[in-house]
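Student: To start, I am sharing the structure in question, which I have written as C-alpha coordinates.
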Amino acid sequence: MAVVLVGFAESLAAIETIWDLLDSGHDVRAFSRGGRTPPIGHDRRVRVTPVTPPERDVDATIRDVVRLADRLGGPVCMPLDDAAVLVLDRVAAERPDLVVAGPVRAQARLALDKRVQLDAAARAGLLVPATLVVEPGSTPGLPPGPPPWIVKPALALEVVGGRVTKGGARFVATLDELHEELGSRHDTVLVQPALRGGGIGVFGVAVSGSALAVSGHERVRMMNPSGSGSSACVSREPAATMREAADTFVGIVGWQGLFMLELLEDADRQAWFMELNGRPWGSMALATARGLHYPSWTVAAALGRPVDVGPSPDTRPVLARHLGREALHLAFVVRGRIEARRRSRHGLSPRPDLALYPTVLTTLRSLLTWSRGSRLYNARRRRLRVLAADTLATLRDAIPARGR
(Lines give C-alpha, C1' and ligand atoms only; values in the text may rest on other atoms or scores of the structure.)
Protein backbone atom coordinates (compact mmCIF):
# COMPACT_ATOMS: atom_id res chain seq x y z
CA MET A 1 0.00 0.00 0.00
CA ALA A 2 1.02 3.65 -0.40
CA VAL A 3 1.32 6.88 1.53
CA VAL A 4 -1.46 9.07 0.10
CA LEU A 5 -1.46 12.83 0.65
CA VAL A 6 -4.91 14.37 0.20
CA GLY A 7 -6.30 17.88 0.50
CA PHE A 8 -7.99 20.00 1.35
CA ALA A 9 -9.04 18.07 4.45
CA GLU A 10 -12.06 20.28 5.16
CA SER A 11 -13.66 19.70 1.75
CA LEU A 12 -17.08 18.08 1.51
CA ALA A 13 -15.72 14.85 0.02
CA ALA A 14 -12.79 14.49 2.41
CA ILE A 15 -14.19 12.24 5.11
CA GLU A 16 -15.71 9.49 2.98
CA THR A 17 -12.80 9.58 0.52
CA ILE A 18 -10.21 9.27 3.30
CA TRP A 19 -12.13 6.43 4.93
CA ASP A 20 -12.21 4.55 1.64
CA LEU A 21 -8.44 4.96 1.27
CA LEU A 22 -7.88 3.82 4.85
CA ASP A 23 -10.11 0.78 4.29
CA SER A 24 -7.83 -0.17 1.39
CA GLY A 25 -4.80 -0.13 3.66
CA HIS A 26 -3.24 3.18 2.60
CA ASP A 27 -1.42 5.45 5.03
CA VAL A 28 -3.37 8.68 4.59
CA ARG A 29 -1.97 12.12 5.38
CA ALA A 30 -3.90 15.32 4.72
CA PHE A 31 -3.30 19.04 4.36
CA SER A 32 -5.83 21.67 5.36
CA ARG A 33 -6.24 25.41 5.29
CA GLY A 34 -4.52 26.70 8.39
CA GLY A 35 -6.62 28.05 11.23
CA ARG A 36 -8.75 25.21 12.55
CA THR A 37 -9.00 21.43 12.81
CA PRO A 38 -11.12 19.90 10.01
CA PRO A 39 -13.69 17.25 11.03
CA ILE A 40 -11.54 14.36 9.72
CA GLY A 41 -8.86 15.53 12.16
CA HIS A 42 -10.95 13.86 14.87
CA ASP A 43 -10.05 10.48 13.34
CA ARG A 44 -6.78 9.53 15.05
CA ARG A 45 -5.63 7.51 12.06
CA VAL A 46 -5.20 10.66 9.95
CA ARG A 47 -2.47 13.22 10.48
CA VAL A 48 -3.53 16.66 9.24
CA THR A 49 -0.97 19.37 8.45
CA PRO A 50 -2.11 23.00 8.05
CA VAL A 51 -0.87 24.95 5.02
CA THR A 52 -1.34 28.52 3.88
CA PRO A 53 -4.89 28.92 2.50
CA PRO A 54 -4.74 29.46 -1.29
CA GLU A 55 -7.33 32.22 -0.88
CA ARG A 56 -4.63 34.15 0.99
CA ASP A 57 -1.47 33.31 -1.00
CA VAL A 58 -1.54 30.47 -3.51
CA ASP A 59 2.23 30.51 -4.08
CA ALA A 60 2.76 30.00 -0.36
CA THR A 61 0.26 27.13 -0.44
CA ILE A 62 2.22 25.45 -3.21
CA ARG A 63 5.50 25.86 -1.31
CA ASP A 64 3.92 24.39 1.83
CA VAL A 65 2.53 21.36 -0.03
CA VAL A 66 5.85 20.75 -1.83
CA ARG A 67 7.69 20.76 1.51
CA LEU A 68 5.12 18.40 3.00
CA ALA A 69 5.37 16.01 0.05
CA ASP A 70 9.17 16.07 0.29
CA ARG A 71 9.02 15.23 4.01
CA LEU A 72 6.72 12.29 3.26
CA GLY A 73 9.18 10.95 0.69
CA GLY A 74 7.08 11.38 -2.41
CA PRO A 75 3.52 10.26 -1.60
CA VAL A 76 0.68 9.75 -4.04
CA CYS A 77 -1.20 13.07 -4.06
CA MET A 78 -4.97 13.32 -4.48
CA PRO A 79 -7.01 16.54 -4.72
CA LEU A 80 -10.32 16.61 -2.86
CA ASP A 81 -11.67 19.91 -4.18
CA ASP A 82 -11.13 22.35 -7.04
CA ALA A 83 -8.60 24.47 -5.15
CA ALA A 84 -6.51 21.36 -4.55
CA VAL A 85 -6.73 20.49 -8.26
CA LEU A 86 -5.12 23.85 -9.05
CA VAL A 87 -2.53 23.54 -6.27
CA LEU A 88 -1.49 19.95 -7.02
CA ASP A 89 -1.27 20.70 -10.74
CA ARG A 90 1.33 23.36 -9.93
CA VAL A 91 3.02 21.13 -7.35
CA ALA A 92 3.36 18.44 -10.03
CA ALA A 93 4.99 20.97 -12.35
CA GLU A 94 7.65 21.61 -9.68
CA ARG A 95 8.00 17.95 -8.70
CA PRO A 96 7.35 15.93 -11.88
CA ASP A 97 8.40 12.75 -10.09
CA LEU A 98 5.34 12.95 -7.81
CA VAL A 99 2.39 10.70 -8.63
CA VAL A 100 -0.86 12.67 -8.70
CA ALA A 101 -4.06 10.65 -8.57
CA GLY A 102 -5.97 13.50 -10.13
CA PRO A 103 -5.92 15.88 -13.10
CA VAL A 104 -2.73 17.70 -14.11
CA ARG A 105 -1.76 19.85 -17.10
CA ALA A 106 -4.49 19.68 -19.80
CA GLN A 107 -6.67 17.52 -17.57
CA ALA A 108 -6.51 20.12 -14.80
CA ARG A 109 -7.58 22.82 -17.23
CA LEU A 110 -10.50 20.66 -18.29
CA ALA A 111 -11.46 20.07 -14.65
CA LEU A 112 -11.52 23.80 -13.91
CA ASP A 113 -12.82 25.38 -17.15
CA LYS A 114 -16.50 24.84 -17.94
CA ARG A 115 -16.02 26.13 -21.49
CA VAL A 116 -13.71 23.21 -22.27
CA GLN A 117 -16.10 20.83 -20.52
CA LEU A 118 -19.11 21.99 -22.53
CA ASP A 119 -17.20 21.48 -25.78
CA ALA A 120 -16.12 17.97 -24.77
CA ALA A 121 -19.66 17.08 -23.65
CA ALA A 122 -21.11 18.19 -26.98
CA ARG A 123 -18.54 16.08 -28.84
CA ALA A 124 -19.51 13.12 -26.66
CA GLY A 125 -23.13 13.46 -27.73
CA LEU A 126 -24.46 14.87 -24.46
CA LEU A 127 -27.13 17.58 -24.48
CA VAL A 128 -25.51 20.94 -23.76
CA PRO A 129 -27.55 24.09 -22.94
CA ALA A 130 -27.23 27.01 -25.33
CA THR A 131 -24.48 29.14 -23.79
CA LEU A 132 -23.32 32.72 -24.19
CA VAL A 133 -19.73 33.34 -23.04
CA VAL A 134 -19.16 36.90 -21.80
CA GLU A 135 -15.67 38.21 -21.14
CA PRO A 136 -15.27 40.98 -18.53
CA GLY A 137 -15.72 44.43 -20.04
CA SER A 138 -17.01 43.12 -23.39
CA THR A 139 -20.35 43.91 -25.03
CA PRO A 140 -22.52 40.83 -24.58
CA GLY A 141 -24.54 39.34 -27.39
CA LEU A 142 -28.15 38.28 -27.08
CA PRO A 143 -28.76 35.80 -24.27
CA PRO A 144 -29.80 32.30 -25.30
CA GLY A 145 -33.50 31.54 -25.18
CA PRO A 146 -36.19 33.29 -23.15
CA PRO A 147 -35.72 34.38 -19.52
CA PRO A 148 -34.98 33.50 -16.81
CA TRP A 149 -31.25 32.92 -17.21
CA ILE A 150 -28.47 31.81 -14.93
CA VAL A 151 -25.15 33.67 -14.92
CA LYS A 152 -22.26 31.58 -13.60
CA PRO A 153 -18.46 31.70 -13.73
CA ALA A 154 -16.74 29.97 -16.63
CA LEU A 155 -13.91 28.90 -14.33
CA ALA A 156 -14.46 26.84 -11.19
CA LEU A 157 -11.89 29.17 -9.64
CA GLU A 158 -9.08 31.43 -10.76
CA VAL A 159 -6.03 33.20 -9.38
CA VAL A 160 -6.31 36.99 -9.04
CA GLY A 161 -3.54 38.96 -7.38
CA GLY A 162 -1.89 35.78 -6.14
CA ARG A 163 -5.07 34.55 -4.44
CA VAL A 164 -7.54 31.88 -5.42
CA THR A 165 -10.99 33.38 -5.94
CA LYS A 166 -14.34 31.93 -6.93
CA GLY A 167 -17.24 33.73 -8.58
CA GLY A 168 -20.88 33.16 -7.72
CA ALA A 169 -23.93 32.22 -9.76
CA ARG A 170 -27.12 34.27 -10.02
CA PHE A 171 -30.54 33.85 -11.59
CA VAL A 172 -31.85 36.88 -13.52
CA ALA A 173 -35.38 37.35 -14.82
CA THR A 174 -35.11 40.37 -17.14
CA LEU A 175 -32.65 41.89 -19.61
CA ASP A 176 -32.12 44.83 -17.24
CA GLU A 177 -31.15 42.43 -14.44
CA LEU A 178 -28.88 40.54 -16.82
CA HIS A 179 -27.05 43.67 -17.97
CA GLU A 180 -26.74 44.87 -14.37
CA GLU A 181 -25.23 41.54 -13.34
CA LEU A 182 -22.81 41.43 -16.28
CA GLY A 183 -21.75 45.01 -15.62
CA SER A 184 -20.81 44.13 -12.05
CA ARG A 185 -18.73 41.06 -12.93
CA HIS A 186 -14.96 40.98 -13.32
CA ASP A 187 -14.72 37.34 -14.39
CA THR A 188 -15.61 35.44 -17.56
CA VAL A 189 -19.15 34.11 -17.21
CA LEU A 190 -21.54 31.75 -18.94
CA VAL A 191 -25.13 32.82 -19.55
CA GLN A 192 -27.53 29.89 -19.97
CA PRO A 193 -31.29 29.33 -19.86
CA ALA A 194 -32.36 28.54 -16.30
CA LEU A 195 -33.45 24.98 -16.94
CA ARG A 196 -35.82 23.39 -14.47
CA GLY A 197 -35.47 19.83 -13.34
CA GLY A 198 -33.68 17.49 -10.99
CA GLY A 199 -29.97 17.02 -10.58
CA ILE A 200 -28.43 13.68 -11.48
CA GLY A 201 -24.86 12.48 -11.43
CA VAL A 202 -23.02 9.84 -13.41
CA PHE A 203 -19.86 8.48 -11.78
CA GLY A 204 -17.08 6.16 -12.75
CA VAL A 205 -13.36 5.53 -12.85
CA ALA A 206 -11.56 5.91 -16.16
CA VAL A 207 -8.75 3.47 -16.91
CA SER A 208 -6.96 3.30 -20.27
CA GLY A 209 -9.62 5.43 -21.97
CA SER A 210 -12.64 3.44 -20.73
CA ALA A 211 -15.20 4.28 -18.07
CA LEU A 212 -15.48 1.45 -15.53
CA ALA A 213 -17.98 0.80 -12.70
CA VAL A 214 -20.34 3.50 -13.97
CA SER A 215 -23.06 4.34 -11.47
CA GLY A 216 -25.21 7.31 -10.66
CA HIS A 217 -27.36 9.22 -8.24
CA GLU A 218 -30.37 11.48 -8.26
CA ARG A 219 -30.67 14.49 -6.02
CA VAL A 220 -33.50 14.21 -3.55
CA ARG A 221 -32.87 17.64 -2.04
CA MET A 222 -30.43 20.47 -2.64
CA MET A 223 -29.14 22.25 0.44
CA ASN A 224 -30.28 25.51 -1.18
CA PRO A 225 -33.30 24.95 -3.46
CA SER A 226 -32.08 27.85 -5.64
CA GLY A 227 -29.06 25.76 -6.57
CA SER A 228 -26.27 24.15 -4.59
CA GLY A 229 -24.85 20.79 -3.69
CA SER A 230 -27.27 18.15 -2.48
CA SER A 231 -28.23 17.51 1.11
CA ALA A 232 -29.77 14.14 0.21
CA CYS A 233 -29.38 11.88 -2.82
CA VAL A 234 -30.40 8.39 -3.85
CA SER A 235 -28.58 5.87 -6.02
CA ARG A 236 -29.88 5.49 -9.56
CA GLU A 237 -28.57 3.28 -12.30
CA PRO A 238 -27.72 5.30 -15.43
CA ALA A 239 -29.44 4.35 -18.68
CA ALA A 240 -27.37 2.49 -21.28
CA THR A 241 -27.19 5.63 -23.44
CA MET A 242 -25.77 7.62 -20.52
CA ARG A 243 -23.18 4.92 -19.81
CA GLU A 244 -22.11 5.07 -23.45
CA ALA A 245 -21.93 8.87 -23.34
CA ALA A 246 -19.76 8.73 -20.21
CA ASP A 247 -17.46 6.22 -21.88
CA THR A 248 -17.25 8.40 -25.00
CA PHE A 249 -16.57 11.49 -22.89
CA VAL A 250 -13.60 10.00 -21.02
CA GLY A 251 -12.25 8.56 -24.25
CA ILE A 252 -12.42 11.91 -26.06
CA VAL A 253 -10.62 13.83 -23.32
CA GLY A 254 -8.27 11.01 -22.29
CA TRP A 255 -9.43 11.14 -18.69
CA GLN A 256 -7.75 8.99 -16.03
CA GLY A 257 -9.17 8.26 -12.60
CA LEU A 258 -12.47 9.04 -10.93
CA PHE A 259 -14.98 11.43 -12.50
CA MET A 260 -18.50 12.73 -12.09
CA LEU A 261 -20.69 14.11 -14.84
CA GLU A 262 -23.24 16.46 -13.31
CA LEU A 263 -26.46 16.78 -15.30
CA LEU A 264 -29.94 18.28 -14.98
CA GLU A 265 -32.93 16.18 -16.01
CA ASP A 266 -35.91 18.22 -17.23
CA ALA A 267 -39.62 17.35 -17.23
CA ASP A 268 -39.20 15.49 -20.54
CA ARG A 269 -36.48 13.26 -18.99
CA GLN A 270 -33.84 14.96 -21.12
CA ALA A 271 -30.48 15.06 -19.31
CA TRP A 272 -28.53 18.30 -19.86
CA PHE A 273 -24.81 18.44 -19.13
CA MET A 274 -23.88 20.94 -16.41
CA GLU A 275 -20.26 20.24 -15.51
CA LEU A 276 -17.50 17.73 -14.84
CA ASN A 277 -16.15 17.07 -11.38
CA GLY A 278 -12.63 15.78 -11.81
CA ARG A 279 -12.07 15.12 -8.11
CA PRO A 280 -14.10 13.37 -5.39
CA TRP A 281 -17.67 14.65 -5.08
CA GLY A 282 -19.86 15.30 -2.08
CA SER A 283 -22.00 12.17 -2.28
CA MET A 284 -19.05 9.76 -2.17
CA ALA A 285 -20.83 8.12 0.79
CA LEU A 286 -23.42 6.81 -1.64
CA ALA A 287 -20.80 5.11 -3.82
CA THR A 288 -18.75 3.57 -1.02
CA ALA A 289 -21.91 2.25 0.64
CA ARG A 290 -22.49 0.23 -2.53
CA GLY A 291 -18.94 -1.11 -2.74
CA LEU A 292 -17.80 1.38 -5.39
CA HIS A 293 -14.33 2.31 -4.20
CA TYR A 294 -13.57 5.11 -6.65
CA PRO A 295 -10.82 6.80 -4.55
CA SER A 296 -8.90 3.56 -4.00
CA TRP A 297 -9.27 2.54 -7.63
CA THR A 298 -7.95 5.94 -8.72
CA VAL A 299 -4.84 5.57 -6.57
CA ALA A 300 -4.25 2.08 -7.98
CA ALA A 301 -4.59 3.37 -11.55
CA ALA A 302 -2.21 6.27 -10.85
CA LEU A 303 0.39 3.79 -9.55
CA GLY A 304 -0.01 1.61 -12.66
CA ARG A 305 -1.53 -1.24 -10.67
CA PRO A 306 -4.42 -3.40 -11.91
CA VAL A 307 -7.86 -1.95 -11.14
CA ASP A 308 -10.28 -4.69 -10.16
CA VAL A 309 -13.73 -3.13 -9.84
CA GLY A 310 -15.25 -6.49 -8.92
CA PRO A 311 -18.85 -7.57 -9.56
CA SER A 312 -21.66 -5.12 -10.27
CA PRO A 313 -22.93 -3.47 -7.08
CA ASP A 314 -26.28 -4.18 -5.50
CA THR A 315 -28.86 -2.19 -7.48
CA ARG A 316 -31.22 -1.68 -4.53
CA PRO A 317 -31.58 2.08 -3.91
CA VAL A 318 -29.45 3.66 -1.21
CA LEU A 319 -30.37 7.08 0.18
CA ALA A 320 -27.53 9.18 1.60
CA ARG A 321 -28.22 12.26 3.71
CA HIS A 322 -25.88 14.93 5.09
CA LEU A 323 -27.03 15.89 8.57
CA GLY A 324 -25.72 19.46 8.59
CA ARG A 325 -26.90 20.21 5.07
CA GLU A 326 -30.36 18.80 5.80
CA ALA A 327 -30.69 21.30 8.67
CA LEU A 328 -29.56 24.11 6.36
CA HIS A 329 -32.06 22.97 3.72
CA LEU A 330 -34.87 23.63 6.18
CA ALA A 331 -33.41 27.06 7.00
CA PHE A 332 -33.17 27.97 3.29
CA VAL A 333 -36.78 26.88 2.67
CA VAL A 334 -38.10 28.94 5.58
CA ARG A 335 -36.15 31.99 4.48
CA GLY A 336 -37.19 31.52 0.83
CA ARG A 337 -40.90 31.28 1.65
CA ILE A 338 -40.66 34.41 3.80
CA GLU A 339 -38.93 36.28 0.96
CA ALA A 340 -41.52 35.11 -1.60
CA ARG A 341 -44.36 36.39 0.61
CA ARG A 342 -42.54 39.68 1.20
CA ARG A 343 -42.07 40.30 -2.52
CA SER A 344 -45.70 39.49 -3.22
CA ARG A 345 -46.90 41.75 -0.41
CA HIS A 346 -44.86 44.72 -1.66
CA GLY A 347 -45.64 44.18 -5.36
CA LEU A 348 -42.04 43.34 -6.26
CA SER A 349 -41.19 41.19 -9.27
CA PRO A 350 -40.99 37.49 -8.29
CA ARG A 351 -37.58 35.89 -8.02
CA PRO A 352 -37.56 32.94 -10.44
CA ASP A 353 -35.52 30.72 -8.12
CA LEU A 354 -38.11 30.99 -5.34
CA ALA A 355 -40.57 29.07 -7.50
CA LEU A 356 -38.36 26.02 -6.86
CA TYR A 357 -38.88 26.13 -3.10
CA PRO A 358 -41.16 23.52 -1.48
CA THR A 359 -43.46 24.43 1.39
CA VAL A 360 -42.17 24.30 4.94
CA LEU A 361 -44.61 21.50 5.83
CA THR A 362 -43.54 19.37 2.87
CA THR A 363 -39.91 19.92 3.83
CA LEU A 364 -40.46 18.91 7.45
CA ARG A 365 -42.24 15.73 6.38
CA SER A 366 -39.42 14.71 4.06
CA LEU A 367 -36.70 15.50 6.60
CA LEU A 368 -38.36 13.51 9.35
CA THR A 369 -38.97 10.43 7.20
CA TRP A 370 -36.25 7.79 7.56
CA SER A 371 -36.62 5.10 4.92
CA ARG A 372 -35.05 1.67 4.70
CA GLY A 373 -31.72 1.88 2.92
CA SER A 374 -30.98 5.38 4.27
CA ARG A 375 -27.58 6.29 5.66
CA LEU A 376 -25.83 9.44 6.83
CA TYR A 377 -22.77 10.92 5.20
CA ASN A 378 -19.65 10.78 7.36
CA ALA A 379 -21.15 8.41 9.93
CA ARG A 380 -19.41 5.33 11.29
CA ARG A 381 -20.12 3.64 14.57
CA ARG A 382 -16.70 4.25 16.10
CA ARG A 383 -16.17 7.65 14.48
CA LEU A 384 -19.14 9.65 15.78
CA ARG A 385 -16.89 12.54 16.83
CA VAL A 386 -16.16 13.04 13.13
CA LEU A 387 -19.89 13.21 12.33
CA ALA A 388 -20.54 15.67 15.17
CA ALA A 389 -17.61 17.89 14.14
CA ASP A 390 -18.69 17.83 10.49
CA THR A 391 -22.28 18.78 11.34
CA LEU A 392 -21.19 21.67 13.56
CA ALA A 393 -18.67 22.88 10.94
CA THR A 394 -21.35 22.82 8.23
CA LEU A 395 -23.71 24.95 10.33
CA ARG A 396 -20.94 27.30 11.48
CA ASP A 397 -19.68 27.88 7.93
CA ALA A 398 -23.20 28.84 6.80
CA ILE A 399 -23.58 31.67 9.31
CA PRO A 400 -21.35 34.20 7.48
CA ALA A 401 -23.00 33.20 4.17
CA ARG A 402 -26.41 34.09 5.57
CA GLY A 403 -25.01 37.33 6.91
CA ARG A 404 -23.73 38.28 3.47
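The values are calculated or read from the model by the stated rules, or taken from the named source; none is laboratory data. This structure is a prediction, so every number in the text was calculated from the model and none was measured. Note: ideal-geometry Cβ built from the backbone for every residue, glycine included; neighbour counts use all protein chains shown.
Student: Go through (1) surrounded by fewer than 16 Cβ atoms within 10 Å (Cβ to Cβ); (2) at pLDDT 95 or above; (3) in contact with a strand residue (DSSP E or B) (Cβ under 7 Å, 6 or more places away or on another chain) one by one and return the number of the condition residue 77 breaks.
Tutor: The one condition residue 77 does not meet is (1).
Student: How many of the residues making up the range 255-287 are buried (at least 19 other Cβ atoms within 10 Å of the Cβ), outside any strand (DSSP E or B), over 10 Å from the mean Cα position of the chain (by Cα) and not hydrophobic (A, V, I, L, M, F, W, C)?
Tutor: Residues meeting the conditions: 1.
Student: Do the conditions hold for residue 298, that is, is it of a type in the set (Ser, Thr, Tyr) and more than 30 Å from residue 97 (Cβ to Cβ)?
Tutor: It is false that residue 298 is of a type in the set (Ser, Thr, Tyr) and more than 30 Å from residue 97 (Cβ to Cβ).
Student: Taking the range 296-343 as the search range and keeping residues that are assigned to a helix (DSSP H, G or I) and among the polar types (S, T, N, Q), which one is surrounded by the most Cβ atoms within 10 Å (Cβ to Cβ)?
Tutor: Among residues in the range 296-343 that are assigned to a helix (DSSP H, G or I) and among the polar types (S, T, N, Q), the one surrounded by the most Cβ atoms within 10 Å (Cβ to Cβ) is 298.
Student: Of the residues in the range 291-306, how many are under 19 Å from residue 320 (Cα atoms) and either modelled with pLDDT of 95 or more or in contact with a Ser or Thr (Cβ under 6 Å, 6 or more places away or on another chain) (or both)?
Tutor: 4
Student: Within the group 111, 101, 84, which residue is out of contact with any Lys or Arg (no Cβ under 9 Å at 6 or more places or on another chain), closer than 19 Å to residue 294 by Cβ and crowded, with 23+ Cβ neighbours inside 10 Å?
Tutor: Being out of contact with any Lys or Arg (no Cβ under 9 Å at 6 or more places or on another chain), closer than 19 Å to residue 294 by Cβ and crowded, with 23+ Cβ neighbours inside 10 Å holds for just one of 111, 101, 84, which is 101.
Student: Six or more apart or on different chains, Cβ under 7 Å: which pairs go from a residue in the range 70-94 that's under 24 Å from residue 12 (Cβ atoms) to one that's crowded, with 21+ Cβ neighbours inside 10 Å and aromatic (Phe, Trp, Tyr)? Could you list them?
Tutor: Every condition considered, the pairs that remain are 80/8; 81/8; 83/8; 84/8.
Matching residues to (1) among the aliphatic types (A, V, I, L, M); (2) outside any loop (DSSP other than H, G, I, E, B); (3) outside the structural domain of residue 149 (by TED's automatic domain parsing); (4) under 17 Å from residue 154 (Cβ atoms):
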position: 111; (1), (2), (3), (4): yes, yes, yes, yes
position: 115; (1), (2), (3), (4): no, yes, yes, yes
position: 119; (1), (2), (3), (4): no, yes, yes, yes
position: 122; (1), (2), (3), (4): yes, yes, yes, yes
position: 125; (1), (2), (3), (4): no, no, yes, no
position: 136; (1), (2), (3), (4): no, no, no, yes
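Student: To continue, here is another question. Those residues that are surrounded by fewer than 19 Cβ atoms within 10 Å (Cβ to Cβ) and of a type outside the set (A, V, I, L, M), I need them from the range 54-74; list them, please.
Tutor: 55, 56, 57, 59, 63, 67, 70, 71, 73, 74, listed by residue number.
Student: While we're here: Restricting to the range 365-404, count the residues that are assigned to a helix (DSSP H, G or I), loosely packed, with under 14 Cβ neighbours inside 10 Å and either modelled with pLDDT of 90 or more or among the charged types (D, E, K, R) (or both).
Tutor: Residues that pass the stated criteria total 8.
Student: When the range 148-165 is examined, which residues are found to be surrounded by fewer than 17 Cβ atoms within 10 Å (Cβ to Cβ) and either of a type in the set (Val, Ile, Thr) or touching a residue at least 40 places away in the same chain (Cβ under 8 Å) (or both)?
Tutor: Of all residues in the range 148-165, those surrounded by fewer than 17 Cβ atoms within 10 Å (Cβ to Cβ) come to 159-163, 165.
Once the filter is applied, which keeps residues that are surrounded by fewer than 17 Cβ atoms within 10 Å (Cβ to Cβ) and either of a type in the set (Val, Ile, Thr) or touching a residue at least 40 places away in the same chain (Cβ under 8 Å) (or both), the range 148-165 yields 159, 160, 162, 163, 165.
Student: Kindly establish whether residue 311 is under 15 Å from residue 212 (Cα atoms), out of contact with any strand residue (DSSP E or B) (no Cβ under 9 Å at 6 or more places or on another chain) and not assigned by TED's automatic domain parsing to the domain that holds residue 9.
Tutor: yes
Student: Hey, another quick one. Could you tell me how many of the residues in the range 344-362 are surrounded by 10 or more Cβ atoms within 10 Å (Cβ to Cβ) and in contact (Cβ under 8 Å) with a residue 40 or more places away in the chain?
Tutor: Total satisfying the criteria: 8.
Student: When the range 17-46 is examined, which residues are found to be surrounded by fewer than 16 Cβ atoms within 10 Å (Cβ to Cβ), within 24 Å of residue 258 (Cα to Cα) and out of contact with any helix residue (DSSP H, G or I) (no Cβ under 8 Å at 6 or more places or on another chain)?
Tutor: 25, the sole residue that qualifies.
Student: Residues being more than 14 Å from residue 258 (Cβ to Cβ) and among the acidic types (Asp, Glu): count how many of those fall in the range 1-16.
Tutor: 1
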